[in-house]
Amino acid sequence: MLRESHSIVPPDPKLDTIQRIGLSVLGIGLVLFLLALFEQEIATGSWVFYTMLFGIVAGGITYSLRTHLKRPPGIHNNNLVKNTFTAVGAGGWLLGIIITGFYTAYYFFYQESALTKAGTEYRPSITQIFDPLSQLLRNSNADIWFVYGACYTIAVLIMGIKALAKYRHSKYQIVRTCSIMFCQFGFAFIVPSIMERLNQPYFLPNYFWPLEYKALMPDKVETLLSSGKSMAGFVFGWGIIMTLVATPLLTYYFGKRWYCSWVCGCGGLANTAGDSFRQLSNKSRTAWKIERIMIYSILIFVIIMTAMVWMDAWWGTLGGASLPVRKVYGFLIGATFSGVIGVGFYPLLGSRVWCRFGCPMAAVLGMIQKFKSRFRITTNGAQCISCGNCSTYCEMGIDVRWYAQRGQDIKRASCVGCGICSAVCPRGVLSLENGPTEQREEYTMDLLGSAKARKLEKK
Amino acid sequence: MQPIIIIGNGIAGVTAAREVRKLDSQVPILIISGETDYHFSRTALMYIFMGHMKFKHTQPYEDHFWKENKLDLKRAWVEKIDHHSNSIILQGGEKLGYSHLILAVGSTPNKFGWPGQDLPGVQGLYSKQDLDELEKNAVGAKHAVIAGGGLIGIEMAEMLITRGIGVSFLVREKNFWGSVIPEEEAMMIEDHIHEHHVDLRMGDELDSIHAGDDGKVSHIVTKAGEKIECSIVGLTAGVRPNIDWIKEGSEVETDRGILVDNHFRTNLPNVWSIGDCAQLRTPPKGRRPIEAVWYVGKLQGAFVAANICGDPQDYNPGIWWNSAKFFDIEYQTYGTVMPDPQDGEKTFFWKAPDKHITIRINYRENDLAVTGVNVFGIRHRHQVWEKWLSDEAKITDVLSQLAGANFDPEFFNQYEDEIIAHWNHDNSEQVTKTVGKGLFSTLLTKINLFKAN
Ligand SMILES: Cc1cc2nc3c(=O)[nH]c(=O)nc-3n(C[C@H](O)[C@H](O)[C@H](O)COP(=O)(O)OP(=O)(O)OC[C@H]3O[C@@H](n4cnc5c(N)ncnc54)[C@H](O)[C@@H]3O)c2cc1C
Ligand code: SF4
Ligand code: SF4
């Protein structure tokens, strides 16, 4: 057999020229973006948009493809727990503070500064430079939320390409990553833009109550239905059907994952831009306790808030008491938690902080997954060597190994079915499967201890 | 009441402690180890070095686990066993009494008396301390030599390569891991090792190690007479039971390992031994007296616990299984597959063209009963193979239901059709596929995956 010859010099783990070029080009794009954001004179005109877009897309893709394609296909999380950006070093803190600061400014202050100048017909430069794209899609000028959506989508797409390269040995990851990229690009970006262009109501097909709580708020529903727009009924019906029919049905058949790691934009960003931070999720039992308290409290909060708003709207029973409740929810949960903390804290607490501790949609899906679903992660007999890769890389902070090493199938409410535990396992122990509901969480392999004896052991 | 003392907080000792605790909620249990404060997964050492995990991540239980399950821990080295007074003596002289003593002291790397084997920069890879040493030796290193082509050797090569350190890998055998896997699989692994830029030298051995002016390793010379410059030498020519101190400091009967009966009793009363360091006087059929792998330590821990807690059980480990990963290629085996088929055995082998994917099923010539399987690059279900092997299923039936054993993630390419076609091409007894992949289909193989408890 003729063997291919390979150099015996191993690849240099440091950045090579191509990676450096990629990073530099990306840097130019980001600098232009910041200049526009801070209203610098030079950053106006459409050349800025195209240069910025080119810099971010070409630089980002060059860097990430080079980084992953220079290694053979497989799991190579080299240095991830030591790198300053991904291991909460100085770089991680810096990144966390920048993103959090950016989000805070953008969510709470940017809009206002735009408004105060609105009298003079002033529009922030950042929106101006996005006009070409906005005109193309929506036939109108950009506003700050269009800019936000566009940036979010670009992040998911570029980092999605990175994820495709990183996990190219795993077909599950390839199909899933394509799905989240498609859902963000098509459903969360193109569809709403087209609807606007056609003078139809605002429509985000991949978000519904309780995550998109506004979808069931009486004022929104009323404006929607009385708008006279031809697709208003469809948009309303879609929301209702997704919440009441599709959610339980799909979760029964496939588990929570159909939404959280195939469709949702928050999950989409976490599994693309956030992928390098997944190991930062806290695996302790204490964190699990906090998670359960928080996520179900927020679910109760959103239910009570929705009910109060409706009572006020229909019967005026509460004398407007629902207004402050709704405001608090919108500020604390809708903006601060899901936006600012949810993304800003990626480099500090991992990529799924919002999904794990906050999202009411995840709470509902999780309950269905736990009590009535065909989904589980099967453990392969007694093959586990307790290495800990699965637990380390579980973005939801599930101690997967605890189950795997005692041969127990995993049926946790919080599992979003990202499949990374199965991908990183060096011994082929874990598989995400849909099967008969009766036999979930059974012990597929037993040493000697009976299930009863196992229960005596405290986690 | 004197505690049950377990020496060694590896997988064997810790499993024994946990299983005793499940059977007896009161008896005091003390686990002693000199290596680390808490149990960690030795198999994960490489991932710490490569920066996939921190040391903390390799500890399977949170620190509160031990207290809550009333398992006492002590960090100390044990030096002597005084069985007349049912006690052990620690380094520093402290004496502790036991009701039962379990020796689960693991292995230590083999050294074969190579000249220069104790120079700074020369090391094995077994303990946390070895890892710390490698971390030091790797600073500024350009090239390393690894001597011994087993599983730890290839892990060490992978570790060093990720730091950009070149590796010359000396493997005595003609084929890689040739004492365990057949030639076709070995060739594939060798190709893959080359793909990872390792200077693999098959059929060559370490002869001597030499120091430079600074007293540290500067180069080695191979049996073939070649000189290789290096600042690290990894000795990975297997492991042996870590029992030198037991030979000196006790009357426990030993051979290569600590001799035990099939209840894991040593020659001394209330003294037991399990895991890498134990040597069975009469191993179960088809098994070796010392099996230094993770799974065996875990099983033996469970058996010794039952035996100590008054539920005597003869050691019955069931079918042999094992798994490993060679750089990016996963490997699983169930049953026995020797490098060459045994008497009366035939072998069926298939390899995906241009891919690192193979399957080999060995079966008996007379009744076609399967005896073992090797899979590389495909994951297979443990329980399904356990059932097929213990039922002595015919290879033709196994092939027709093969997808039922497939444990790859969803959407992965499946090769059962090609595998069956390959069989049908070479054999007169034709096979058709009857079962698909997935949990629902697997249940069609009439295998009860789930043990009712
Ligand atoms: C790098 C590496 C990778 C491996 N990968 C795999 C794999 O993938 N699959 C697999 O099946 N097996 C693997 N193995 C083998 C597996 O790890 C061992 O079989 C298993 O850990 C042995 O467990 P044990 O409990 O018998 O002993 P150990 O884990 O060695 O535990 C013994 C403990 O006792 C302590 N001790 C010894 N003497 C004393 C004393 N006098 N006083 C106090 N403490 C003492 C030791 O310090 C040690 O902590 C690997 C081994 C290594 C080194
Ligand atoms: S990654 Fe696999 S082998 Fe490692 S602890 Fe998890 S299930 Fe076990
Ligand atoms: S358990 Fe596995 S599939 Fe579920 S969230 Fe964690 S890593 Fe993803």
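The values are calculated or read from the model by the stated rules, or taken from the named source; none is laboratory data. Since this is a predicted model, take the numbers as computed values, not measurements. As a convention, Cβ positions derive from the backbone with ideal geometry for all residues, glycine included, and neighbour counts pool all protein chains shown. Protein only, heavy atoms only, side chains kept; ligands, DNA and RNA dropped before computing areas. Shrake-Rupley method; radii C 1.70, N 1.55, O 1.52, S 1.80 Å.
See the values below:
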quantity	calculated
Rounded to 5, percent antiparallel among DSSP beta bridges of chain B	60 percent
A:230, A:261, reordered so the largest accessible area comes first (probe 1.4 Å)	A:230, A:261
Förster-model FRET efficiency, 41 Å R0, residue A:202 and residue A:457, C-beta, rounded to 0.05	0.20
Of B:370, A:64, A:107, farthest towards positive along the dipole that unit charges on Lys, Arg, Asp, Glu beta carbons give the protein assembly as shown	A:107
Peptide-level mean, for A:428-439, of C-beta atoms on other protein chains within 10 Å	5
Student exercise, the stretch B:176-283 dipole from Lys, Arg, Asp, Glu Cβ charges, in Debye to nearest 20	560 debye
Cβ-derived FRET efficiency at R0 30 Å, residue B:227 paired with residue B:132, nearest 0.05	0.55
Solvent-accessible ranking of B:70, B:136, largest area first, probe 1.4 Å	B:136, B:70
Rel. contact order, % - alpha carbon contacts under 8 angstrom, at least six apart, the stretch B:321-451	19 percent
DSSP bridge pairs, the stretch B:1-99: antiparallel proportion in percent, nearest 5	45 percent
Alpha-carbon Rg with Dmax, taken over chain B, Å	23.7, 72
Globularity ratio of chain A, using Cα Rg and 2.2 N^0.38 Å	1.05
Extreme residue, positive dipole direction of the stretch B:321-451, given options B:411, B:348, B:430 (C-beta unit charges)	B:411
Dipole-positive endmost among A:22, A:78, A:34 within the stretch A:1-98 (Cβ charges, Cα centre)	A:78
Average beta-carbon neighbours from other chains, 10 Å sphere, peptide B:323-331	4
Inter-centroid distance (Cα atoms) of the stretch B:240-315 relative to the stretch A:148-173, Å	51 Å
Sequence of B:66, B:245 from largest to smallest accessible area, 1.4 Å probe	B:245, B:66
Other-chain or far-sequence residues with amide H under 5 Å of residue B:348's (modelled H)	B:361, B:362, B:363
Value at 222 nm in deg cm²/dmol, rounded to 500, when DSSP H runs of n ≥ 4 in chain A each add -39,500 (n - 2.57)	-15500 deg cm²/dmol
Spatial separation of Cα centroids for the stretch A:4-41 and the stretch B:387-404, in angstrom	53 Å
Neighbour-limited loop hits for trypsin sites (Lys or Arg not before Pro), the stretch B:197-262 (at most 12 other Cβ within 10 Å; DSSP other than H, G, I, E, B)	B:256
Alpha-carbon radius of gyration plus Dmax, which is the widest Cα pair, for the stretch B:122-237 in Å	13.6, 44
Square roots of five times the Cα gyration tensor eigenvalues for the stretch A:237-353, Å	29, 20, 14
Solvent-accessible surface (1.4 angstrom probe) belonging to residue B:417, in square angstrom, nearest 10	90 Å²
Dipole moment magnitude, nearest 20 debye, the stretch B:122-237 about Cα centre, only Lys, Arg, Asp, Glu C-beta charged	340 debye
Rule-of-thumb Rg ratio for the stretch B:320-453 [Cα; 2.2 N^0.38 Å; N residues]	0.99
Chain A: DSSP helices with Cα axial extent of at least 18 Å and average Kyte-Doolittle hydropathy no lower than 1.6	A:17-37
Residue A:202 accessible area, 1.4 Å probe, all protein chains in place, Å² to nearest 10	150 Å²
Point-charge dipole on Cβ atoms (K/R +1, D/E -1) for chain A, about Cα centre, debye to 20	1700 debye
Relative compactness, the protein assembly as shown, computed as alpha-carbon Rg over 2.2 N^0.38 Å	1.04
Residues losing 50 Å² or more accessible surface upon assembly, the stretch A:365-388, compared with the chain by itself, 1.4 Å	A:380, A:382, A:383, A:385, A:387
